[in-house]
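To start, the structure under review is shown below, and the notes come after it.
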Amino acid sequence: MLGQRCAVISDHNVAPLFAERVKQNLVSAGFRPVLIIIPEGEKSKTLKQAGAICDRMIAAGLDRKSFIVGLGGGMVGDISGFVAAIYHRGIPHIQIPTTLLAMVDSSIGGKTGVNARAGKNLIGAFHQPLLVVDDLDVLKTLPLRQFNQGFAEIIKHAVIADAKMFRTLQSWKRSSTPALQRLIERNIKIKSNIVAKDERDRTGARALLNFGHTVGHAIERAGNYRQFLHGEAVSVGIVAACAISMKRAGLPPDQRAAIVDLLGQFGLPTRLPSTFSRKKILDAVKFDKKFEGEKIGFIVVPRIGAAYVADNVTLNDVREAVRRL
Ligand SMILES: NC(=O)c1ccc[n+]([C@@H]2O[C@H](COP(=O)([O-])OP(=O)(O)OC[C@H]3O[C@@H](n4cnc5c(N)ncnc54)[C@H](O)[C@@H]3O)[C@@H](O)[C@H]2O)c1
Ligand SMILES: [Zn+2]
C-alpha cells in the first residue's frame, strides 16, 4: 500500500515544463507530493546531492510508506532511483522518463546510482521501478541533439539483438508518433528480455548491452564528459567495436558499413576529430577494463542481430581500432 506522501524529483530544465502537471495529477489522485528540483546535468549525480534530497524528504515528512517519482532524463532517473533504494532502506520508485535515451534504456533494468570522483556510476544499487510511465509528448521539447543520442542505444539494440528492427531503422522517416511508439516499445522489450536473463549483471548476458561502450565510455572520459554526449560517444564506440568484430568475430564488411551508415543517418558521429587525443582514450580503456594478460572480455557481433562476449580480443586490437577512428 502506498502512503499519501511522495516526492517528485526533477531538474531545472524539466521541472518548469512538466512538474506542475504531474503534481496536480498526484493531488487529484489523493497523494501529497513535495517537489524537489536539482540542477540539470551529470554534475548533480553525486552522493552529496542524494544526501541533500534525503534530507529534504525527511523534512517533508516522507516515511517508509512514501514513494518517489523521478521526472526527467537518465540523470534524474538514476539519482531518484538511488534515493528510493536507500531511503528508509528502500521505498517504491516511479519513473517518468523525459528523454528518448531514458525511455529506451536507463528507465529499464533497475540500475540506479550516482557518480564518484574517480568515475561514473561507481556507487549504486539495483532497485527496480514499481512503474515506468512513457508519454511521448514530452519528447517535443527535447533538443534534437539529445533526441538523436537516444538512437545510439536503439541502434545498439538492433545490432546486438534485432536484425528486423535494423531494417526498419534503415527506412526510418522523420518519426510519426505511432511509429516512434512502436519503436520505443520494441526497445523496452529487447532491453528487459536481456535484463531478465541476468538481473544483477553477474552471468554475462546483461553485458551484451555494453556493446560499443568500452571505447564509448573511454571517449566520454577522454573528452572530460563535455565534448560528446553519452550516445554520441557510444556511436563512435560502436564503430570501433565493429572494426574489432570484423577482425575477431567475422562480421562481414558490408554489414559494418551498414551500421556506420545507419549511425550517420541519425546525425550521430562515426569518427573522431583529428585533434582528439587517441592516447587519452586508450588510457581510459585501460583504467576502465581489467586486462587478463593482454585480453579483455569484449562484446563483438558476428552479424547484425547477434552478439557475444569474446575472449580473444587484445588491447592491441582496441588500440588499432581507436587509431582508425
Ligand atoms: N540506469 C541505467 O541503466 C542507465 C543506462 C543508460 C544511461 N544512464 C544514465 O543516464 C544519464 C543520461 O541520460 P540522459 O541522456 O537522459 O541525460 P539527462 O537526464 O542529463 O538529460 C539530458 C538533458 O536534457 C534535458 N531534458 C530532459 N528531458 C527534457 C525534455 N523533455 N525537454 C527538454 N529538455 C529535457 C535535461 O535537463 C538535460 O539537460 C547518465 O547519467 C547515464 O549514466 C543510466
Ligand atoms: Zn549507454
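Between V133 and T203, 0.36 nm times their residue separation minus their Cα-Cα distance comes to what?
Working: separation 70, 0.36 × 70 = 25.20 nm, distance 2.92 nm.
Length gained between V133 and T203: 22.3 nm.
Which whole number in µm²/s is D for region 111-232 by Stokes-Einstein, with the Kirkwood Rh taken over Cα pairs at 37 °C and 0.692 mPa s? Working shown, then result.
Details: Rh = 16.3 Å.
Translational diffusion coefficient: 202 µm²/s.
Using only the Cα atoms of region 1-99, what do you get for the radius of gyration and for Dmax, in Å?
When restricted to the Cα atoms of region 1-99, Rg and Dmax are 12.1, 34 Å.
Can you list residues from other chains, or at least 5 along the same chain, whose modelled amide H is less than 5 Å from the amide H of V69?
Distant-sequence amide H within range of V69: A7, V8, I9, I94.
Assuming a strict under-19 Å limit between Cα atoms, what lysine pair count do you get for region 102-236 once near-sequence pairs (fewer than 8 apart, same chain) are dropped?
Lysine pairs satisfying the spacing and distance rule in region 102-236 number 15.
Rounded to two decimal places and with Rh computed the Kirkwood way over Cα pairs, what is Rg over Rh for the chain?
Using Cα coordinates only, the ratio equals 0.98.
Would you mind ranking S277, S10, S44, S106 by Cβ crowding within 10 Å, fewest neighbours first?
Lowest to highest Cβ neighbour count: S277, S44, S106, S10.
In whole Hz, what ³J(HN,Hα) sequence does region 181-195 give by Karplus (6.51, -1.76, 1.60; θ = phi - 60°), x for Gly and Pro?
Along region 181-195, the couplings run 4, 4, 5, 5, 4, 4, 5, 4, 5, 4, 5, 5, 4, 5, 4 Hz.
Taking the number of other C-beta atoms within 10 Å as the exposure measure, put D162, D63 in order starting with the fewest. Present the calculation step by step, with values, prior to reporting the outcome.
Numbers: D162 20, D63 12.
Fewest to most other Cβ atoms nearby, the residues stand as D63, D162.
Just for the Cα atoms in region 166-325, what are the lengths along the principal axes, largest first, rounded to whole Å?
Taking the Cα atoms of region 166-325, the three principal extents are 47, 38, 31 Å.
Whose amide H sits under 5 Å from the amide H of L251, counting only residues 5 or more places off or on another chain, with H placed in the peptide plane?
It is M246, by chain and number.
Taking other Cβ within 10 Å of each residue's Cβ, how do V27, V239 sort, fewest first?
The order, fewest Cβ neighbours first, is V27, V239.
Using 7 Å Cα-to-Cβ label points, what is the R226/N312 separation (nm, one decimal)?
So the two model labels end up 4.3 nm from each other.
Pop out the ³J(HN,Hα) list for region 124-132 in order, Karplus 6.51 cos²θ - 1.76 cosθ + 1.60 with θ = phi - 60°, rounded to Hz; leave Gly and Pro as x.
x, 8, 7, 8, 5, x, 6, 7, 10
Please work out the Cα convex hull volume for region 225-274 and give it in Å³ per residue.
Numbers: hull volume 4.1 nm³, N = 50.
Dividing the Cα hull volume of region 225-274 by its residue count gives 81 Å³.
Starting at the first residue of region 64-71, write each ³J(HN,Hα) from the Karplus equation 6.51 cos²θ - 1.76 cosθ + 1.60 with θ = phi - 60°, in whole Hz, x for Gly and Pro.
In residue order, the calculated couplings are 7, 8, 6, 9, 10, 10, x, 10 Hz.
Would you pull out the residues with amide H under 5 Å of G305's amide H, same chain only if 5 or more places away, H placed 1.01 Å from N?
I160, A161, D162
Relative to a virtual label point 7 Å from the Cα of S175 in the Cα→beta-carbon direction, which members of region 236-273 show backbone nitrogen distances below 18 Å?
Counting only backbone N, you get 262-269.
Would you work out which of S235, Q181, G70 lies farthest towards the positive end of the dipole of the chain? Charges go on Cβ: Lys and Arg +1, Asp and Glu -1.
Going by the Cα projections, it comes out as S235.
Working out 0.36 nm times the residue gap between K140 and A125, then minus their Cα-Cα distance, what length gain in nm do you get to one decimal? If you can, show how the numbers build up before the last one.
Numbers: separation 15, 0.36 × 15 = 5.40 nm, distance 3.14 nm.
Separation in residues times 0.36 nm, less the Cα-Cα distance, equals 2.3 nm.
Rule-based calculations on the coordinates, nothing more; no lab input. Keep in mind that this is a model prediction, so the values were computed, not measured. Cβ atoms come from the backbone with ideal geometry, glycine included; neighbour counts cover every protein chain shown.
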